[in-house]
Structures are given as C-alpha cells and as structure tokens.
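S.K.: Shown below is the structure under consideration.
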Amino acid sequence: MATITLSVNFSGGLETLFANRTAHTVSIPARVPVDAALWDTWPAAPESAGAPDADAVTMKPADMAYLLHHLRTRVLTARPELFLEHGTVRPGILALINDADWELEGEGAALLHDEDEVVFISTLHGG
Amino acid sequence: MPPKTCALCSSARAILKRPKTGQQICKDCFFYVFETEVHNTITEAQLFKPGDRVAIGASGGKDSTVLAHVMKTLNDRYNYGLELLLLSIDEGITGYRDDSLETVKRNQEQYDMSLKILSYDELYGWTMDAIVAQIGKKNNCTFCGVFRRQALDRGAAILNVDHIVTGHNADDIAETVLMNIMRGDIARLGRCTSICTQGEDTIKRSKPFKYAYEKEIVMYAYFKKLDYFSTECIYSPDAYRGHARAFLKDLEAARPSAIIDIIHSGEAFEIKEVVKATQKIQQTCKRCGYMSSNELCKACTLLEGLERGMANAGVTDRARKKMDAEGPAPENLRIIPFFQQPAAPHRTDISIADTST
C-alpha cells in the first residue's frame, strides 16, 4: 500500500502534547477510506478479524482530516482534548500546509502529498 | 487545488486568510498591512511624541516579542524619534520566567535595545515561588497581577521613561470586555477598551496591538522567524479568563470578526456618570507612595498580609478587617521602597501624526 511521508511540526506549547518534541516525521496511507468510522482500524492487516474488505471500501486521497485523526490516535501522548475538538483542531490552534494557512486550502478537506510540511501552532499560551 | 493568489498584489501566492477581513494575502503584503495597521493605531491615537523614551514591557512571549520587533521597525520606517527600551519583570517562577527571560535577553541583542529586569524579589522581598509556597495556588494570580502592575511602573520610573507599551492584543481586550460584562464591572467596562491609560501621576501605558488579532501576531512571528517563548505559567492560570477565552475562540471560529466587533461594542458603551462617580478618588499610598484608592495600596496590603502570615488580608475585605483588628503593622515590617515619580522630562508638544495623508 502506498504511503506518503510528511514532516509535522508542533509549536507554541502544543509540542507538550506530542512527547515534548517539536519535529515529527509521519507516514500515512496515500489513500484512506471516505468513511471516517473506518479510520481507527485503517490500515488493517488483511487477515485480521472484522477488517473491512479493502476492495469494497470507497477510498479518497489522504487529507488533513485524516492526518488529524492519525496524529491524535498514534502520535499524541497527552490530553487529546487540548488538540482536537469537534473533529477539528481546537479553536486557537493555527495550522499551515507548506507554509500557507490551512484555511486557504479547505482545512480538513485539504489534500496532502508526499513530503508536505504541516505546522501546528498554538496561540493559547503565554503572552 | 491551484495556489491562491494574493488579493492585494494579485501576483504572489496567498499564505494567510486574514481573520478581520477574510482577505487572502501573500507574505509581503501581510507584513506590510500588519505593520501599517499598527502604525495607524499609533498615529490616530497620537500615542507618542518625538524624543519620548518608551519601555516595551517584554515577557519573552509572542505578543511582546512581536511588539518589540514592530515598534523598532515602525520607529525606523516612520522616524518616530523614540528611544526604545525593554523592561522585564522577573516574578521569580522557576522553570517558567527564568526561561522566558533568556528569550528577552536574546531579543535585547537582536534589537539592540537596553534591557532592565526588575524582580519581585528585589522589590517586594518575595518571589512567586515563595508566595505560592506560603499561600498555595489559589489566589496567587491576585498577588502576581497587582505586583506586576506596580513593578512595571516602578521599572519605568527607574528607567525614566515617558511611556510603557504592552503587547495586549485584540483577543485580550475582547476577553476583558466579556469578563467585565459577565462580572457586572461597569466602571472597568468603561475604560478597558482605552488604548492609553494614565493615572494621576503614573506613567502612560498603551496597547499598540489593540486591534491586532492574536492569529496575525502568531503568524507574523512565524513568518519572521521571531524567537519567542511559549509555556503556560506553572501556577494555576486565571480560571475565569480561561472560560472567557475559550468562549471567545469559539465565537471567532464561527465568525472571525467577532473579536473586533466585541471591542467596538465595548468602545460604544456609554457609562453613566453615577457609575463613574462611585470610583474612589486616587491618592498616594501612605507607606510606599504608589497611587492608590485607599490609604494603603493593594501591593502594600498584600505584602503586609504575607509578612504577617495572613495572606488573605489583601484578597478579601473580611480578612483585611481581621488583620486590622490584630493591631497595626509591626515596626520592622518589610515594605516596598518609596515610589518616586520621575520629574516630567523635556517634552515637545508635537505629536507624531501621519503626514502621508
């Protein structure tokens, strides 16, 4: 299965939720199920019980919504409620894709490509 | 999706969606509009005069770091003729303020400004670490807030400056408007949106980032690669402000103009004279000479409570009466050095106004 590799950076205090590390390299599937309910078990080993039949699942290219899910379930080490809320980043957290505001790219719907750089900055800390 | 082009220059790739306007703009146009808006805020409010010595209240955090950068940029670009200095307060919080002060020291070199660090320890004889060790985490923000305000004024007096600028941004001010409404503090509601405050005899204080969104301040720091420190204070933060902040951020997510709209609402309130009349007349503290609405200023009351082991005396009226009932302050009580307001320095009466229009 094809994967894409992303550079993901956390700053502004967010790094404390990700093992106190600013820079992460993250690999995710190039294509993911459209149905977010399947993400928890994706990518599933073909022989595992109850795994969705890969041929029957409708797929889409990996996007920011999938990356957020991936970061929360596989990278985050503490207090998920300080990172995500209602399926998106908590208000006050800025996200950039290749140094551009993700609000310009459709936020969760923004598509990701191999070697993209994603940055999350919390504005909620200190003054 | 093809890259979006800048709504202002129509050539470069857009990198930011402005929360205030929804415009999509490129990096250079962003720097230009952000700086120009701060310049307009400064000139419209006529904050400075040529020759003013201005202290930038610097914590090492994002707002004051960006403020130092922008003040230096504008002072050079528009010939404000200001002498800029950095003033930092060391509250004595190990693992928090000591680290952030390292950031300020780097800023001092980067911006070539002199830096004064004034500590709670030298001024009050107590660090926040020592205060929290005595009183616990509850109410410690009261001590810190009162002590910081006075420390900034005293630091400014030591530096003989005319003016202190702080990094309070639009989000902070909108939050304060909401908090004052929710607390029914109408007198504060009436003045919390003022860009510049000046007591009877204190140094002018102003907020050049009054209309600058936090999002843009953080984006500015990111794209300029400014060096700032971002860690939450290790002692319990102001819970009430935290709620107001979360509420405001939710509003902003739904409608980004909410922040500036709330500030405008705050500015438009007309406060009845009867409310203004209930404010106590300002006097000077009989013990330390700082401005006060009572015989003793808040900092002296808090300090006396700490010294006498009755720390709540400065927090609640009941505890204050209890301390008074135990007799007057002992003779050997540690007190804050007497506050000497600097003599008014030479001034010209010309304000810096925008001459380009």
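The values are calculated or read from the model by the stated rules, or taken from the named source; none is laboratory data. These numbers come from a predicted model, not from an experiment. Every residue, glycine as well, gets a Cβ built from its backbone with ideal geometry; the counts of neighbours run over all protein chains shown. Accessible surface areas use protein heavy atoms only, side chains included; no ligands, DNA or RNA. Shrake-Rupley method; radii C 1.70, N 1.55, O 1.52, S 1.80 Å.
S.K.: What total accessible area, in Å², is buried where chains A and B meet, using a 1.4 Å probe and rounding to the nearest 100?
M.R.: Interface between A and B: roughly 2100 Å².
S.K.: Using a probe radius of 1.4 Å on heavy atoms only, what accessible surface per residue do you get for the protein assembly as shown? Whole Å² is fine.
M.R.: For the protein assembly as shown, the per-residue accessible area is 47 Å².
S.K.: Okay, moving on. Buried by at least 20 Å² relative to the chain on its own: which residues of region B:249-266 qualify, computing accessible area with a 1.4 Å probe on protein heavy atoms?
M.R.: B:249, B:250
S.K.: Between B:184, B:125, B:61, where does the largest GNM mean-square fluctuation fall for chain B, given springs only between Cα atoms within less than 10 Å?
M.R.: In the Gaussian network model the winner is B:184.
S.K.: From the cross-link list B:204/B:298; B:4/B:72; B:62/B:137; B:62/B:204; B:62/B:286; B:225/B:298, which pairs have alpha carbons spaced over 28 Å apart?
M.R.: Flagged as over cut-off: B:4/B:72; B:62/B:286; B:225/B:298.
S.K.: When a/c reaches 1.5 or more, the comparison of a/b and b/c decides; with that in mind, is region B:119-208 rounded, prolate or oblate per its Cα gyration tensor?
M.R.: oblate
S.K.: Near residue A:102, within a Cβ-to-Cβ distance under 15 Å, what is the net charge of the other residues, with Lys and Arg +1 and Asp and Glu -1?
M.R.: -2
S.K.: Turning to a different aspect of this structure: Is chain A best put as rounded, prolate or oblate by its Cα gyration tensor, with a ≥ b ≥ c the root eigenvalues, rounded for a/c under 1.5, and otherwise prolate when a/b is larger than b/c, oblate when not?
M.R.: Prolate, since a/c reaches 1.5 and a/b exceeds b/c.
S.K.: What residues does region B:17-31 have that are buried by at least 50 Å² of accessible area in the full protein assembly compared to the chain on its own, 1.4 angstrom probe?
M.R.: By number: B:17.
S.K.: Run the accessible area of region B:282-331 with a 1.4 Å probe and give the carbon-and-sulfur part as a rounded percent.
M.R.: 45
S.K.: Taking the Cα centre of the protein assembly as shown as the origin, how large is its charge dipole in debye, to the nearest 20, when only Lys and Arg (+1) and Asp and Glu (-1) carry charge on their Cβ atoms?
M.R.: For this selection, approximately 1400 debye.
S.K.: I would also like to ask the following. Provide a whole-number value for the mean count of partner chain Cβ atoms within 10 Å of the Cβ atoms in peptide A:87-94.
M.R.: That works out to 4 on average.
S.K.: Also, I was wondering about something else. Report, ordered by chain and residue number, the aspartates and glutamates lying within cross-link reach of residue B:116, taken as a straight Cα distance under 12 Å and ignoring same-chain residues fewer than 8 apart.
M.R.: Counting by Cα, and skipping residues close in sequence, residue B:116 has these aspartates and glutamates nearby: B:90.
S.K.: Relative to the first principal axis of the alpha-carbon coordinates of chain B, what is the inclination of helix B:239-254, with its axis defined by its Cα atoms, in degrees from 0 to 90 and to the nearest 10?
M.R.: 10
S.K.: Sort all Cα-Cα distances of region B:69-186 into consecutive 10 angstrom bins from zero, then give the percent of pairs in each bin up to the one containing the longest distance.
M.R.: 11, 34, 35, 18, 2
S.K.: Which whole number in µm²/s is D for chain B by Stokes-Einstein, with the Kirkwood Rh taken over Cα pairs at 37 °C and 0.692 mPa s?
M.R.: The Stokes-Einstein estimate is 149 µm²/s.
S.K.: Please report the net charge: other residues with Cβ closer than 13 Å to the Cβ of residue B:119, K and R +1, D and E -1.
M.R.: -2
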